[in-house]
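Okay, so here's the structure we're looking at.
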Amino acid sequence: MSHATIKDTRPSGQAPHRRNSLSRRGLPRWAQPVFAVVSVALGCGLGAAAGWESRVQWGLVSALLFVLIAYVTTSIVENRRQAKDRLATSVVWVCFVLAVVPLLSLIWVTVSRGAKAFDGYFLSHSMAGVPGFEAGGGVYHALIGTLEQVGLATVISVPIGLLTAVYLVEYGKGALARAVTFFVDVMTGIPSIVAGLFILSIMLLAGWQPSGFMGSLALTILMIPVVVRSTEEMLKLVPNELREASLALGVPKWRTIMKVVIPTAVGGISTGVMLAIARIAGETAPILLLVFGSQLINTNPFEGAQSSLPFYIWEQYKVGSEASYDRAWAAALVLIAFVMILNLVARGIARWKAPKTGR
């Protein structure tokens, strides 16, 4: 068998030239941080030269320069396709920074101003006998009110939301399921003041008095759609093969749901419940209408006015003195810490209950 030979037409001594994409010019990995530093320097310089007093203007100009410099430099050094990719990446980074900067600024201001009054005394005392314009007093009564009101709303909302989601995923068909889905979507977007007015109308018609339980009912209306939506999405993620395997063994459907479907999705369901609790913990409007607020410690949510952390913040800010401002910021710090703890618990439960990979 003969083999055809290919004649090498290159001049003698010349190495073969490999056309590989790896040999193309490319920007180093540290180019993006350099673009950011240069853009910030130019933005600050232009802002100072133009006499802009607002640092927001400096930041926006720096962000615009960052996107522009990254695109132009990549177009010159690499190619237009890579430039478009870096343009999209730069826009994503700019949007991320624009979202994080206000959050960090809020946390910094709350911590720096709330630390003035935040201590053990503040957490263990109420405002009983303390004039609002003077120093002293604490947030204990408001913290008790928030825990009781949110706890009651959770006890009512979780079973209703869980059963509604199970119905929509496992049984819901036809007009009734579409109606339930529609009303859940509507309830997701209703303002908190509307929920408070609804419970207030019932309270006036029935002759009930303001109490923490009335506020819990309004918070329940706000919490149920969040629980339904999060639980519904988690149940949909459970593979149908698990349901079919259980049903093939002769297990009734209700028992399959209780022993297979819900335990599989319990991590995501717990996360959704925790996020729903964090969502209602900062509501103020229903508490203003239904709980009325109190400077005394009231551990009975079914009788008498109570306070809560959002109401306490509004109440102290309304006073207008330096001491009340410090207490308001300290209460805001307590509320943020409460919400952050709930989110950390939700993440821990989700990681603990997440399906294990590998052997």
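Would you check the chain for Lys pairs whose C-alpha atoms are within less than 17 Å, ignoring same-chain pairs closer than 8 in sequence, and give me the count? Numbers along the way, then the final one.
Numbers: LYS173/LYS236; LYS173/LYS253; LYS236/LYS253; LYS236/LYS259; LYS236/LYS353; LYS259/LYS353.
Lysine pair count for the chain: 6.
Looking at the square roots a ≥ b ≥ c of the eigenvalues of the Cα gyration tensor of segment 266-331, which shape do they give, rounded for a/c under 1.5, prolate if a/b is larger than b/c, or oblate?
Because a/c hits 1.5 or more and a/b fails to exceed b/c, segment 266-331 counts as oblate.
Could you list MET258, MET274 in order of exposure, starting from the residue whose Cβ has the fewest other Cβ atoms within 10 Å?
MET258, MET274
Calculate the dipole size of segment 28-114 relative to its Cα centre from +1 charges on Lys and Arg beta carbons and -1 charges on Asp and Glu beta carbons; express the result in debye to the nearest 20.
On the way: 7 positive and 3 negative charges, 36 e Å.
Roughly 180 debye, rounded to the nearest 20.
By count of other Cβ within 10 Å, fewest leading, how are ARG55, ARG113 ordered?
Least crowded to most crowded, the residues run ARG55, ARG113.
Could you tell me the calculated FRET efficiency between TYR171 and ASN343, based on Cβ-Cβ distance and R0 = 25 angstrom, to the nearest 0.05?
0.20
What's the center-to-center distance, using Cα atoms, between segment 127-178 and segment 186-265 in Å?
If we compute the Cα centre of each part, the gap is 12 Å.
List the GluC sites (Glu not before Pro) within segment 265-359 that fall in a DSSP loop (any state other than H, G, I, E or B) and whose Cβ has at most 12 other Cβ atoms within 10 Å.
Listed in order of number, the matching sites are GLU303.
Find, among the chymotrypsin sites (Phe, Trp or Tyr not before Pro) in segment 121-173, those assigned to loop by DSSP (not H, G, I, E, B) with at most 15 other beta-carbon atoms within 10 angstrom.
PHE133
Determine the relative contact order of the chain: mean sequence separation of Cα pairs under 8 Å and six or more apart, normalised by residue count, in whole percent.
Details: 435 pairs, mean separation 72.3, N = 359.
In percent, rounded to a whole number, it is 20.
Say the dipole of segment 140-353 comes from +1 at the beta carbon of Lys and Arg and -1 at that of Asp and Glu; which of LEU309, ALA179, ALA142 then lies farthest toward its positive end?
Towards the positive end, the residue furthest out is ALA179.
Specify which residue in the list THR231, GLY215, VAL194 is farthest towards the positive end of the charge dipole of segment 140-353, using unit charges on the beta carbon of Lys, Arg (+1) and Asp, Glu (-1), about the Cα centre.
Of the listed residues, the answer is THR231.
What is the dipole size for the chain, taken about its Cα centre, with +1 at each Lys and Arg Cβ and -1 at each Asp and Glu Cβ, in debye to the nearest 20?
For this selection, approximately 2300 debye.
Please give the charge dipole size of segment 140-353, origin at the Cα centre, charges +1 on K and R Cβ atoms and -1 on D and E Cβ atoms. Round to the nearest 20 debye.
700 debye
Relative contact order (percent) for segment 140-353, with alpha-carbon contacts under 8 angstrom and 6 or more residues of separation?
Averaging sequence separation for qualifying contacts and normalising by length gives 31 percent for segment 140-353.
Could you tell me which label, among (1) 53, 37, 17; (2) 32, 25, 19; (3) 30, 25, 22, carries the value of semi-axes √(5λ) of the Cα gyration tensor in Å calculated for this structure?
Checking each listed value against the structure points to (1).
Once the piece of chain linking TYR121 and LEU42 is laid out straight, how much longer is it, given 0.36 nm per residue of separation minus the C-alpha distance between them?
23.6 nm
Which of the helices in the chain, when you take each full DSSP H run, stretch at least 15 Å along the axis at their Cα atoms and have an average Kyte-Doolittle score of 1.0 or higher?
31-50, 55-77, 140-166, 174-188, 192-206, 212-236, 262-280
Identify the trypsin sites (Lys or Arg not before Pro) of segment 197-250 meeting these criteria: DSSP loop state and at most 14 other C-beta atoms within 10 Å of the C-beta.
Hits after loop and neighbour filter: nothing returned.
Bear in mind that the values in this text are calculations on the coordinates, not laboratory data. Values in this document were obtained by computation on a predicted structure and should not be read as measured data. Positions of Cβ are generated from backbone atoms using ideal geometry, with glycine treated the same way; all protein chains shown enter the neighbour counts.
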